Amino acid sequence: MTRLMQKLCAAGFILTALGCANTGSESTTYAPKPVANTEENSRARIHTDLAAGYLELGNYGVALEEAGEALKADSNYAPAYSVMGLVYMELRDDKAAEANLARALRISPQDSDINNNFGWFLCQRKREQESIKYFLAALRNPLYPTPDKSWVNAGMCSRQAGDITAADDYFQKALKVRPGQPQALLQLADMAYKRKSYAEAKTYLTRIQRDVSPTPESLWLALRVDRAMGDRNAESSLGFQLRKNFPESREARALAAGQYE
């Protein structure tokens, strides 16, 4: 998986917002508006999906072309504006990114994925305080199928802003929704490591290992935790895995240079 794909996954980028319906009487407020299954709408959806795929591959020019084709088919197709906004974010054209994401929200203000994407854009541009309200807006929708991702993003942005207490609260809320949420567990492990609570950090890392394959980030953190705890055998084993499976990663380079912090 490329760094870009990991970043988009962290953002929780998904095109649709269906799923976990609330049984409360207000749930119909958030239900997707009926959309005529017209040829135009189908073309818009197909081109938007293609745009998202090219975005993940880092082929930004083609992604913009596909998003443009989607909007030619349906000029009010909010997900197309959202994808276009994320492409411009990667291109560092912040004015165009914000304009497209804002337009997507004007068309579909309660779309959780679009709110999440807008929040992620703001967070990436060091506008953390602004970003949180969009993550929380995404979470107000009881039909949001992946609320754990917005809780994680709120936590990451709070941590980036230096609000460790809020970050911890958001990560814990992500775990309440999805107990094995790997990004929340990794962030909590890293926070525990930073305050030298090594046993706590190791507990979080063990929970990650139960459900997902190791990443350079998780291996590197686990290695440093074991190093701090004096477990040289575990440290050596993790170092071997990191060098073997991710030889070109920045974590492997840091290991080779002996730069543990």
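The values are calculated or read from the model by the stated rules, or taken from the named source; none is laboratory data. Just so it is clear, the model here is predicted, and its values are computed rather than measured. Don't worry about glycine lacking a Cβ; one is built from the backbone with ideal geometry, like all the others, and counts go over all protein chains shown.
Points to keep in mind about this one:
- Taking region 81-99 as the range and being over 17 Å from Asp111 (Cα atoms) and in a helix (DSSP H, G or I) as the test, the residues that pass are Val87, Tyr88, Met89, Glu90, Asp94, Lys95, Ala96, Ala97.
- Pair list, Cβ < 8 Å and 6+ apart or interchain, from region 238-250 residues that are in contact (Cβ under 8 Å) with a residue 24 or more places away in the chain to residues that are among the small types (Gly, Ala, Ser): Leu242/Ser249; Leu242/Ala252; Phe246/Ala252
For (1) surrounded by fewer than 24 Cβ atoms within 10 Å (Cβ to Cβ); (2) modelled with pLDDT under 95, each residue gets a yes or a no:
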site	(1), (2)
Leu139	yes, no
Pro142	yes, yes
Pro147	no, no
Gly155	no, no
Gln160	yes, no
Ala167	yes, no
Gln172	yes, no
